[in-house]
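Following: one structure in structure tokens, then a few remarks.
Every number here is computed from the coordinates shown, using simple stated rules; none is lab data. Not measured: the values here are computed from a predicted model.
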Amino acid sequence: MQKQSTQPRTAKQSALSAGKALKPTAASQTTLAPTKATKEDKPYILPATGYVRLKQLTQIIPVSPSSVWRKSKEGTFPAPVKLSDMITAWKVEEIRAWLDSKAAA
């Protein structure tokens with residue numbers, strides 16, 4: 001058996017338990033403030049050398065992550081490099097060469 005609360009119920013709790021709709025109040029109609037800018041909002045600039053992960057790659061090349069994997073598997077996009085068990089990245093030099101070949105075509 002459940003122990004009942006000794007505190008009195010509010011009008012809102014009573015209305016909700018009775019299945020009644022509540023009238024909107026000024027507090028429930030407030031607008032949300034704009035959110036702060038995050039790292040993801042800033043454009044990603046491809047470095048000169050090194051590796052780039054999938055999240056940054058999809059910011060540079062306007063395709064979905066699944067398209068990157070599909071194109072890599074087909075051989076129409078540079079192959080990824082496994083840096084560790086959980087980290088896969090692409091060589092920036094290969095990405096730049098691929099972008100240059102697409103711009104020349």
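At 0.36 nm per residue, and after removing the present C-alpha to C-alpha distance, how many nm does the segment from residue 87 to residue 64 gain when stretched out fully?
On the way: separation 23, 0.36 × 23 = 8.28 nm, distance 1.84 nm.
Result for the pair: 6.4 nm of gain on full extension.
Computed over the Cα atoms, what is the radius of gyration of region 50-104 divided by 2.2 N^0.38 Å, N being its residue count? The partial results should precede the final answer.
Details: Rg = 10.6 Å, N = 55, 2.2 N^0.38 = 10.1 Å.
Against the compact-globule rule of thumb, the ratio is 1.06.
Considering Cα pairs under 8 angstrom that are at least six residues apart, work out the relative contact order of region 50-104 and quote it in whole percent. Could the numbers behind the result be given before it?
Numbers: 44 pairs, mean separation 20.8, N = 55.
Once divided by the residue count of region 50-104, the mean separation gives 38 percent.
By how many nm would the segment from residue 76 to residue 94 grow when fully extended, if each residue of separation counts as 0.36 nm and the alpha-carbon distance is taken off?
Values: separation 18, 0.36 × 18 = 6.48 nm, distance 1.19 nm.
Net length gain for the segment: 5.3 nm.
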